[in-house]
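Step one of this worksheet: look at the structure below.
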Amino acid sequence: MDLLAQQLINGLFIGSVYGLFAVGYTLVFGVLDILNLAHAAVFTLGGLLALWLVETGGLSIWLAFPVSVLCCGILGLLLDRVAFVPLRQRADSNFSGLISSIAMAIIFESAALGLFGARTVRFPAHTVPVHIWRWGGISITSLQVEIVAISLLLMVALTQFLNRARAGKAIRAVAENDRTSRLLGIHVDGIIAFTFFISSALGGAAGILFGLYFDSLSPDMGRSIELKGLAVIILGGMGSIPGAILGGLAFGLSEVLTVAITGTSNLRDAVAFTVLFAVLILRPSGLLGRKKMREA
Amino acid sequence: MHNVQRRVGMTFSLCMALIFISGQVFAAAKEVKIGFALSMTGGGAAYGATQKNGIQLAVDEINAAAGSEGIKIVPVFEDDASLPQQGINVFNKFINADKVSLIIGPTLSNTAQVTDRIAQQAGMPVLAVSNTAKGITEIGDCIFRDSLTEMVVIPNTIKVAKEKLGVHKVAVFYGNDDAFTKGGYDAFKQAIADAGLEVLTEQTFAKGDRDFSPQLTQIKSKNPDAIIVSALVEEASGIVSQARQLGIAATVPIIGGNGFNSPALLKNAGEAAEGVMMGASWNASSSLPLNKKFVAAFTARCGNPPDQFAAQAYAGVYIAYEALKKAGSDHKAIQSALGQIKDLDTVLGKFSFTSGRDAEHTPVVQVVKGGKFAVFGE
């Protein structure tokens, strides 16, 4: 019983990081119908930047976290400006945007390699004070609780923002139809840039939390999560924020349980992607995705 | 005319006399050329640099002590650039142009697989001082090595863990998609079976994994006496720190292979690395008098303490010297003299060659203590 409970906690925990990563992914997709494949590179840079601020800058992690998240947001603006804006007027902007985002991913990854080196590095010990709580055979660290709490907080804040705030409503309007939004007087290009800002900031936050927990950061760490993030948003329903959260948790749990049952991590991705495949056959729009009412 | 002739004659005889006398003084110290093929650039450059320091120290010591009776070593250093192709050029130069008596090196096993075949064909004795891959000494009867393989180090670690810590039931955790970690697992598996330990569970991970908590949770539920891990250092750090976070008690030791033998483990796993055990062929804190002298001399000269690669290279020069003293510069004689080396005192301990020309000396078991690698039980 303890064993199962511990495994569920492990899954919930890694799932919430996946969720946070995927929320940023799905936000851009919902607004632009474009996959931003540089998202994983921003995730990596977020983690490495926070590490640099803590290690070289001597900042506390509580300060380094928001600073680094802000920088990632600015990186998102840059991404939009360089990779997407010049292509937006073209006929096939979806496809060429995808390709130019891959180019940006390569540039960001090389920048990380040049700035931080290829070695696997970690946050200095005691960056975050860690308590370990134990009930019987179950153990939870305060870091895990903090990471889940921060992830949920950010995701709830985002949902509230999209539903209540004026800018959030504008994002949803642009997602629904950008031409109509423009006619209604919404500054569409500004809203898209703002969406990239939020999306990249969340991606960077996920990178820092990931690096803090696993104690290992390297310029290629985004690769392991890139495909999973994609699978998570398909599983949850493209463009759906609650779907991305649910998909992340489901993906994390399926991974952990697969490893626990088989005793090897080789089948982990195979099972996770088989689940994805099955969901797509049974519910092509994903768990929480709505059927498209009309084609734009 | 006559006068000039006499003067020339006197000068001539004086010169002859001088040559004769100087010959008496200097010719007694016989000079022997050793070729050192090291990786001074490329991927193995960090190892090559420390090996060269160890070699230079040994050569200088031997030459200073040679006096008029002993032999002097003339070192010929060449860089193999960590590449097998360049290694071939270096070996050909040593064999055909420099006509050395013996070759020490190359740094990397990968290079040795190619270059040692050339030496074997030419009948040139080779002493490897850092190759641990399987099959190096099997290339032929000219190839020797003083670096212990995992097949020797790992059974010793398991034996010590069983006898000193009372380990009986173990969990095994290894990377099953990498030649090195899989090789380490095979060695552990053999050693566990030979020592009669019970394996409670075997779990695996893949290269690039960062989350090891599912497997470690399974391992924890079995309550093993020790966890045996075959991993490269990147994954090793993650495994060690996540195991402790999941509440696997510090009294359950984590035992690793050669991949754990890296300062990166201490840095990346931090406090969680305390108590981690691993085998090694040499440890700086070993209390052998020869070793203490070596560590002090090396530190004074290079400004930093030696590592395992420097120690094995340093010992290699002394092992070669032992054979050269007996055999002179004839290749066949050197080869048989090397084969006869038995219980030679070196910084690695009492050193002998096995019948398969592999190293035989007692390996050490290290434990992480106070953020450093210490010898277990000392």
Q | Total formal charge among the other residues, if their Cβ is under 14 angstrom from that of B:Asp98, Lys/Arg +1 and Asp/Glu -1 | A | +1
**Q.** Cα→Cβ-extended label distance, 7 Å offset, between B:Lys222 and A:Arg223, nm
**A.** 3.1
Q.
Which of rounded, prolate or oblate describes the range B:41-105 when judged by the alpha-carbon gyration tensor and an a/c cut-off of 1.5?
A. oblate
(Q) Given an 8 Å cut-off on Cα distances and at least 6 residues of separation, report the relative contact order of chain A as a percent. (A) 37
Q | Spin-label pair B:Ser352/B:Val375, simplified geometry with 7 Å Cα→Cβ offset, distance in nm | A | 2.0
(Q) I want the local charge near B:Ile239. Using Cβ-Cβ distances under 12 Å, sum +1 for each Lys or Arg and -1 for each Asp or Glu among the other residues. (A) -3
Q) Can you give the FRET efficiency for B:Leu165 and B:Leu288, using 1/(1 + (r/R0)^6), R0 = 22 Å, r = Cβ-Cβ distance, to the nearest 0.05? A) 0.35
Q: May I ask you to derive the relative contact order of the range B:105-207, considering only C-alpha pairs under 8 Å and at least 6 residues apart, and to give it as an integer percent?
A: 22
Q. Extension gain A:Val145-A:Ala118, at 0.36 nm per residue separation less the Cα-Cα distance, in nm?
A. 6.7 nm
Q.
Can you give me the C-alpha center-to-center distance between the range B:328-378 and the range A:176-218, rounded to a whole angstrom?
A. 60
Q. Once the dipole of the range B:151-280 is set up with Lys and Arg at +1 and Asp and Glu at -1 on Cβ about the Cα centre, which of B:Asn223, B:Asn258, B:Phe188 lies farthest towards its positive end?
A. B:Asn223
Q. How far is helix B:150-165 tilted off the main Cα axis of chain B, in degrees rounded to 10, range 0 to 90?
A. 50
Q: Could you tell me which of B:Gln312, B:Val32, B:Phe205 has its Cα farthest along the dipole of chain B towards the positive end, charges placed at Cβ (Lys, Arg +1; Asp, Glu -1), taken about the Cα centre?
A: B:Val32
Q: Let me know the charge dipole size of the range A:46-189 about its Cα centre in debye, to the nearest 20, where only the beta-carbon of Lys, Arg (+1) and Asp, Glu (-1) is charged.
A: 300
Q: Quick one, could you list the DSSP H helices from chain A stretching 27 Å or more along their long axis (Cα atoms) with average Kyte-Doolittle hydropathy of 1.6 or above?
A: A:188-214, A:241-262
Q: Distance check, please: which entries in B:Lys99/B:Lys293; A:Lys228/B:Lys182; B:Lys33/B:Lys325; B:Lys162/B:Lys342 exceed 24 angstrom between their Cα atoms?
A: B:Lys99/B:Lys293; A:Lys228/B:Lys182; B:Lys162/B:Lys342
Q. Rounded if a/c is under 1.5, else prolate if a/b beats b/c, else oblate: with a ≥ b ≥ c from the C-alpha gyration tensor eigenvalues square-rooted, which is the range B:151-280?
A. rounded
Q. Each residue of the range B:100-111 in order: what ³J(HN,Hα) in whole Hz does its phi give by Karplus 6.51 cos²θ - 1.76 cosθ + 1.60, θ = phi - 60°, with x for Gly and Pro?
A. 6, 8, 7, 10, 10, x, x, 5, 9, 4, 4, 6
Q.
How would the range A:161-296 be classified by its alpha-carbon gyration tensor: rounded, prolate or oblate, with rounded meaning a/c under 1.5 and the a/b versus b/c comparison settling the rest?
A. oblate
Q | Between the range B:304-319 and the range B:118-190, the alpha-carbon center distance in angstrom | A | 19
Q.
About the Cα centre, and with charges only on the beta carbon of Lys, Arg (+1) and Asp, Glu (-1), how big is the dipole of the protein assembly as shown? Nearest 20 debye, please.
A. 880
Q. Using the Karplus equation 6.51 cos²θ - 1.76 cosθ + 1.60 (θ = phi - 60°), what ³J(HN,Hα) coupling, rounded to whole Hz, does each residue of the range B:69-75 give in order, writing x for Gly and Pro?
A. 9, x, 10, 10, 9, 9, x
Q. How much net charge surrounds B:Ala273 when only other residues with a Cβ under 11 Å from its Cβ are counted (Lys, Arg +1; Asp, Glu -1)?
A. +2
Q) For the range A:112-211, what is the relative contact order in percent, using Cα pairs closer than 8 Å and at least 6 residues apart in sequence? A) 18
Q | Computed magnitude of the charge dipole of the range B:232-328 (debye, nearest 20; Cβ of K, R +1, Cβ of D, E -1) | A | 500
Q) With the dipole of the range A:1-133 worked out from charges on the C-beta (+1 for Lys and Arg, -1 for Asp and Glu) around the Cα centre, which of A:Val128, A:Leu49, A:Pro86 lies farthest toward the positive end? A) A:Pro86
**Q.** Antiparallel DSSP beta bridges within chain B, percent to nearest 5
**A.** 30
Q. Which stretch or stretches of the range B:345-368 have amide N atoms under 11 Å from the point lying 7 Å from B:Ala64's Cα along the Cα→Cβ direction?
A. none
Q: Measure nothing fancy, just the Cα-based angle from helix B:289-302's long axis to the longest principal axis of chain B, in degrees from 0 to 90, nearest 10.
A: 80
Q: Within 10 Å, count the other beta carbons around each residue, average over each peptide in B:315-327, A:39-51, and list them highest first.
A: A:39-51, B:315-327
Q.
Among DSSP bridges having both ends in the protein assembly as shown, what percentage is antiparallel? Round to the nearest 5.
A. 35
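No value in this document is a laboratory result; all are computed from the given coordinates. On a predicted model such as this, the values are computed, not experimentally measured, just so you know. Please note: Cβ atoms are built from the backbone with ideal geometry, for glycine as well, and neighbour counts cover all protein chains shown.
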